[in-house]
2 protein chains.
Amino acid sequence: MIPLGASAPRATLADYVVQVIREKTATGELRPGEHLREAELATALGVSRGPVREALAILEAEGQVEIRRHRGAFVSVLTQRDVEEVHSLRAAVETLAAERAVTRLSPAHLAEMDRILQAMKVTPGSVEPQEAVRLDLAFHDVIYDAADHARLRRVWTSIRSQVAFFLHTRNVNFPDFPTVGFPEHHELRTVLSGGDAQAARSAVEKHMTGSYSRLRQLQLPAGSEDDRP
Amino acid sequence: MIPLGASAPRATLADYVVQVIREKTATGELRPGEHLREAELATALGVSRGPVREALAILEAEGQVEIRRHRGAFVSVLTQRDVEEVHSLRAAVETLAAERAVTRLSPAHLAEMDRILQAMKVTPGSVEPQEAVRLDLAFHDVIYDAADHARLRRVWTSIRSQVAFFLHTRNVNFPDFPTVGFPEHHELRTVLSGGDAQAARSAVEKHMTGSYSRLRQLQLPAGSEDDRP
DNA sequence: CCGCCGTAGATTGTCAACAATCTACTGTCT
DNA sequence: AGACAGTAGATTGTTGACAATCTACGGCGG
């Protein structure tokens, strides 16, 4: 479940809350625009408001939630503009990640990739959308892990659950994707293990472009971010 | 002082603490590896430990400080490796920022750039290093502001004070830089206002490469991150 | 009937105290 | 003398309570 080389230097209650909220926003259980009440979260998770506040502050720094003074935290609403932002940022950082990964891929990384590809391949087309998303993200986790770049990984985790949300909604709306997932990622693996940094950049760029074109087909709120009652 | 279009949707004590610590790390007043005691900070800033904890959690999410369970927060030590990380990440995001900026630069942005360039030019070579850093960063702030990309700006603010620290140390060690600052940034302005996205990418890439080669001359801790007593 | 103002409830921002854990020092044993 | 265990102090993690602020509802006036 934990990406790979992620250590746990700080296992505090606040981190636990962060993790829970990240997962719930990724799966869509916490919908964009939803009001996150501190006391509510605290009792639901069996902790006090202190750690919850810390967690919300962290999530705000990552852009996952929006905090308004004396009004509370709201799950960030994802507009068409956000799709574009997340995509362009992801393309920028993931090309760098790929470039670095080609010279740093260990046998363990390759094995992990193959394991994930195997799972992508064997699962029939009618796989649960959530599982397809999990595999997709896991594959890219390996790339970032191989890149061995702490700040790059931080950026990735900051957009990761938003990417997850996009992929999830798309998989639900266009159930044909899981069949496309395998060949695309398999090609990525081939290029990455090839050792050509420039080729890796191009491959990721292409992968991102394809991913974006599919994402654009989604119907998302277009304009401003006022969805709350 | 505030970059440009930065609004203040949340002016809480925690944000105040974050801002103070950012500044103090940028100027080097808070040295890498230093132990940040919550109670100490709280009394020094005239607030309680609650906001301080929130602030430290935010700064940890941005990688500015490192928190160890039951041991506290330490200002992240910047090794040669960190110089490389910050540089590569900055290059990746700033090329994107420049690409977007060329089609979004408003007259106000250009005026702001010119104002900064003017200041860079008129100040004689023996300007205070701190002022030179301020101008340098301010110039790039304008680029990110023109890029109009919330997530991109977040990444920038997360590495901004580390960049500031690097620039500061370099200006102190190599006092000739302030004379190079003007022409380099002037060229950037010219290309950005030209309207060619690809040219803007290349220009920023070149600017970054030059910046990195100068940064590498610094003597920084090379290996692991244990500098504390 | 519609709009404005005031109040009550709810929610967040902040604080001070308690509990858990770590670090450093001291004393003892080999 | 050197090394190890035990203890005291300091520091962080967490909690519950208090104060400031916002939202929603109801009454009043036009």
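The values are calculated or read from the model by the stated rules, or taken from the named source; none is laboratory data. Keep in mind the model is a prediction, meaning the values are calculated, not measured. Don't worry about glycine lacking a Cβ; one is built from the backbone with ideal geometry, like all the others, and counts go over all protein chains shown. These area figures cover heavy atoms from the full protein model, side chains too; ligands, DNA and RNA do not enter into them. Shrake-Rupley method; radii C 1.70, N 1.55, O 1.52, S 1.80 Å.
What to note about this one:
- Per-residue Karplus couplings for segment A:130-138, computed as 6.51 cos²θ - 1.76 cosθ + 1.60 with θ equal to phi - 60°, are listed in order as 4, 5, 4, 4, 4, 5, 4, 5, 4 Hz, Gly and Pro entered as x.
- This model, with +1 at the C-beta of Lys and Arg and -1 at the C-beta of Asp and Glu, gives chain A a dipole about its Cα centre of some 340 debye.
- Between copies, B:LYS121 shows label-point distances of 6.3 nm, shortest first, with the point placed 7 angstrom from Cα along Cα to C-beta.
- Accessible-area composition of segment B:80-215, carbon plus sulfur, in percent [1.4 Å probe]: 56
- Along segment A:110-122 the Karplus relation, 6.51 cos²θ - 1.76 cosθ + 1.60 evaluated at θ = phi - 60°, assigns HN-Hα couplings of 4, 4, 4, 4, 5, 4, 5, 4, 4, 4, 5, 6, 6 Hz to successive residues, with x for each Gly and Pro.
- For segment A:80-215, the normalised intensity computed at q = 0.16, 0.22 Å⁻¹ comes to -0.78, -1.51 (log10 of I(q)/I(0), Debye sum over alpha carbons, equal scatterers, no solvent).
- Building the convex hull from the alpha-carbon atoms of the protein assembly as shown and averaging its projection over directions returns 22.4 nm².
- Model label points for B:GLU29 and B:GLU187, set 7 angstrom from Cα along the Cα-to-Cβ axis, are 3.6 nm apart.
- Helix B:13-27 axis, angle to chain B major axis (alpha carbon atoms, nearest 10°): 70
- Amide H contacts of B:VAL65 (H built 1.01 Å from N, under 5 Å, at least 5 apart or other chain): B:GLU60, B:SER76
- Taking a straight Cα-Cα cut-off under 26 Å and skipping sequence neighbours fewer than 8 places away in the same chain, the lysines within cross-link reach of A:LYS121 are A:LYS206.
- Positive-end extreme of charge dipole, segment B:13-75 - chosen from B:LEU36, B:THR25, B:HIS70 (charges on Cβ): B:HIS70
- Average projection area in nm² (convex hull over Cα atoms of segment B:13-75, one quarter of hull surface): 3.7
- In nanometers and ordered shortest first, the copy-to-copy spacing of the A:SER202 label point, defined 7 Å from Cα toward Cβ, is 1.8.
- Global geometry of segment A:144-213, whether rounded, prolate or oblate, following the gyration tensor of its Cα atoms and the 1.5 cut on a/c: oblate
- B versus A: buried accessible surface, summed, Å² (probe 1.4 Å, to nearest 100): 3000
- Which of B:LEU135, B:ALA146, B:VAL191, positive extreme of dipole for segment B:80-215 (C-beta unit charges): B:ALA146
- Label 7 Å beyond Cα on the Cβ vector: B:GLU84 copy-to-copy distances, nm: 3.7
- Net charge of neighbours whose Cβ lies under 14 Å from the Cβ of B:ILE21, counting Lys and Arg as +1 and Asp and Glu as -1: -4
- Coarse-grained scattering of chain B at q = 0.16 Å⁻¹, given as base-10 log I(q)/I(0) from a Debye sum over alpha-carbon atoms: -1.18
- Förster radius 35 Å - calculated FRET efficiency between B:ARG69 and A:ARG115 (Cβ-Cβ, nearest 0.05): 0.65
- Karplus-derived 3J(HN,Hα), 6.51/-1.76/1.60, for each residue of segment A:160-167, Hz, glycine and proline x: 4, 6, 6, 4, 4, 4, 4, 4
- Rounded accessible area per residue of the protein assembly as shown, 1.4 Å, Å²: 47
- Each peptide in B:36-49, B:183-196, A:53-66, A:97-110 gets a packing score, the mean of other Cβ atoms within 10 Å over its residues, and the list from highest to lowest is A:53-66, A:97-110, B:183-196, B:36-49.
- Alpha-carbon centroids, segment A:37-109 and segment B:20-43: separation in whole Å: 25
- Given +1 at the Cβ of Lys and Arg, -1 at the Cβ of Asp and Glu and no other charges, the dipole of segment A:13-75 around its Cα centre is 240 debye to the nearest 20.
- Site pair B:ALA108 and A:SER213 shows an inter-label distance of 3.7 nm when each label is modelled 7 Å from Cα along Cα→Cβ.
- Over chain A, DSSP H runs of length four or greater, each weighted -39,500 (n - 2.57), average out per residue to a 222 nm ellipticity of -22500 deg cm²/dmol.
- Here the dipole of the protein assembly as shown is about 420 debye; that uses its Cα centre as origin and unit charges on the Cβ of Lys and Arg (positive) and Asp and Glu (negative).
- Burial of 30 Å² or greater, segment B:91-114 residues [accessible area, probe 1.4 Å, versus chain by itself]: B:ALA92, B:LEU96, B:ARG100
- FRET efficiency, B:THR12 to B:GLN80 (Cβ-Cβ, R0 30 Å, nearest 0.05): 0.25
- Cα gyration tensor category, rounded, prolate or oblate, for segment B:1-114 with a/c compared to 1.5: oblate
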